[in-house]
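I have placed the structure first, in the form of structure tokens, so that the comments after it can refer back to it.
The values are calculated or read from the model by the stated rules, or taken from the named source; none is laboratory data. Since we're looking at a predicted model, the values are computed, not measured. Here Cβ is always computed from backbone atoms with ideal geometry, including for glycine, and neighbour counts include all displayed protein chains. Note: accessible area is taken over every heavy atom of the protein model, side chains too, but ligands, DNA and RNA are not part of it. Shrake-Rupley method; radii C 1.70, N 1.55, O 1.52, S 1.80 Å.
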Amino acid sequence: MAFKINGLISSANGQASRAKQQRELKKLDSVADNDSDDVRMDMLEPEMKVRQEWDSKVQFLLAIVGYAVGLGNVWRFPYLCQQNGGGAFLIPYFIMLVLEGIPIFYMELGIGQRLRKGSVQVWTEIHPFLGGIGIASVVVGIFVALYYNVIITWCLFYLFHSFTRQLPWMECPTEGPNNTVVEECELSSATAYFWYRNALDISPAIDQPNGIKWSMFGCLVLAWTVMFFCLMRGIKSSGKVSIENLY
């Protein structure tokens, strides 16, 4: 009698386990039918959760290039090179690039691909005392995103003002009935005047604000909107943006 009861219990447990597996498979099938890219991970068991992956090696390569090469390389680096000795600056630069820059960059890629977690979780998993490195990297990333988007805002502002028959920063503006050149522009240059008075509309001091410049504010909102649509689906959307930039 005891053997029969144990057999019934084992059979019931087996049927319950198979029924649970079938329910999980049905969930996966129903979600996949709706949209395979928008799988809701909270519907799955913890052991079945997977992170997103790049669609191709080209997407990954272009994302890495975009991460390593930015506005600083084509805008800030030549200025720093000229300010610190010109061609002589390249000697210590390449030495530090080989000894420090490339190894750390490769280590970062290797750790990320091996552990497949975020910045804070990666360093915490290596050692709990190293979690501060991950937090610091997140904070630095936030600051970089803030000021890079401001630079993109300036680029958009100049882009929109370039759709004119004559570029507004090519000549000094005039005023009065005699079309007299603005004195401030005449003392500096048309480019500097447009930058400080039209683009930035800079105030005499930090405690004397001129209010919000709405045209620049609109460009800033546009820059953040573009950023949002590029990243809203993770690497699925950012990878496609990298491919489109290639073409």
For segment 98-217, with only Lys/Arg (+1) and Asp/Glu (-1) charged at the beta-carbon, what is the dipole magnitude about the Cα centre, in debye rounded to 20? 700
What part of the accessible area of segment 102-247, given as a whole %, is carbon or sulfur when the probe is 1.4 angstrom? 66
Can you tell me the mean projection area, over all orientations, of the convex hull of segment 146-239's alpha carbons? Units nm², please. 8.5
Multiply the residue separation of Met96 and Phe163 by 0.36 nm, subtract the distance between their alpha-carbon atoms, and state the gained length in nm to one decimal. 19.8 nm
Heavy-atom accessible area per residue, segment 110-247, 1.4 Å probe: how many Å²? 72
Phi to ³J(HN,Hα) by Karplus 6.51 cos²θ - 1.76 cosθ + 1.60 over segment 147-162, Hz, x for Gly, Pro: 7, 5, 5, 5, 5, 5, 4, 4, 4, 5, 4, 5, 4, 5, 6, 7
